[in-house]
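The structure appears right after this line, and notes come after that.
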Amino acid sequence: TSIAPFDIVAAARDANLLVERDLRGLGATVYLKAQPGLSMVEGDVIQIQQVFTNLMLNAAQAMAKQSTPKDITVSFKDVGGGISVEVADTGPGIDPLQFEQVFDPFYTTRSDGMGMGLAICRNCIDAHGGNIWATRSAEGGAVIHFTLPIHDD
């Protein structure tokens with residue numbers, strides 16, 4: 001692993017490009033919303049891109065069967081000492097009783113799922129000194145939140 005400061009919005013954009021064909025095939029559209037002048041984060045950019053690809057593909061797969069718009073919005077904001085990221089979808093959401101369980105290895109709600117994606121995401125974010133958790137959006141879709149510490153010059 002290579003630890004260095006990096007632009008988290010650029011990492012999300014690169015991750016989006018890596019899975020763009022799959023996302024398009026599932027009918028999903030990704031929107032990135034970042035406040036200007038975000039601080040750099042410190043970590044392994046490849047691992048954080050893996051987190052983004054997992055979260056985007058999970059969201060797209062969760063919405064695959066719906067006829068309504070399949071939007072994934074990735075939002076970034078500076079929260080004093082860290083960057084907060086939200087990956088929100090317009091899908092069916094997560095049962096509140098499963099908010100913690102979804103991060104357990106081998107836990108899946110999909111018949112073809114392995115249940116490793118969110119467990120891997122949690123391991124990556126934990127290793128970077130951040131936190132990751134799930135909630136429901138006001139519209140009912142799933143929101144995966146994570147924080148990463150900023151790079152201190």
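For this structure, a couple of remarks:
- Residue in region 29-66 that is nearest to residue 13 (Cα to Cα), counting only those that are outside any helix (DSSP H, G or I) and of a type in the set (Ser, Thr, Tyr): 31
- Against the test of being small (Gly, Ala, Ser) and open to solvent by 40 Å² or more (accessible area, probe 1.4 Å), the options 84, 2 yield a single qualifying residue, 2.
- Residue check for residue 51: crowded, with 22+ Cβ neighbours inside 10 Å and under 22 Å from residue 140 (Cα atoms): no
- Test: residue 89 is charged (D, E, K, R), over 23 Å from residue 6 (Cα atoms) and within 16 Å of the chain's Cα centre (by Cα): yes
- Residue count for region 1-28 under the criterion of being part of a strand (DSSP E or B) and either touching a Phe, Trp or Tyr at 6+ places or on another chain (Cβ under 7 Å) or under 12 Å from residue 76 (Cα atoms) (or both): the result is 0.
- Here the condition is being touching a residue at least 40 places away in the same chain (Cβ under 8 Å), closer than 23 Å to residue 130 by Cβ and of a type in the set (D, E, K, R); of 7, 78, it holds for 78 alone.
- Every condition in (1) closer than 20 Å to residue 123 by Cα; (2) at pLDDT 95 or above holds for residue 70 except the one numbered (1).
- Within region 58-81, considering residues that are closer than 16 Å to residue 19 by Cβ and open to solvent by less than 20 Å² (accessible area, probe 1.4 Å), the one farthest from the chain's Cα centre (by Cα): 63
- For residue 19: the one exception among (1) among the aliphatic types (A, V, I, L, M); (2) touching a Ser or Thr at 6+ places or on another chain (Cβ under 9 Å); (3) open to solvent by 20 Å² or more (accessible area, probe 1.4 Å): (3)
- Taking each residue of region 93-115 that is within 19 Å of residue 70 (Cβ to Cβ) and part of a loop (DSSP other than H, G, I, E, B) and looking for partners that are open to solvent by 80 Å² or more (accessible area, probe 1.4 Å) and modelled with pLDDT of 75 or more with beta-carbon atoms closer than 6 Å, six or more apart or interchain, yields 93/136.
The values are calculated or read from the model by the stated rules, or taken from the named source; none is laboratory data. These numbers were taken from a predicted model, which means no experiment stands behind them. Please note: Cβ atoms are built from the backbone with ideal geometry, for glycine as well, and neighbour counts cover all protein chains shown. Areas reflect the complete protein model, heavy atoms only, side chains present, ligands, DNA and RNA absent. Shrake-Rupley method; radii C 1.70, N 1.55, O 1.52, S 1.80 Å.
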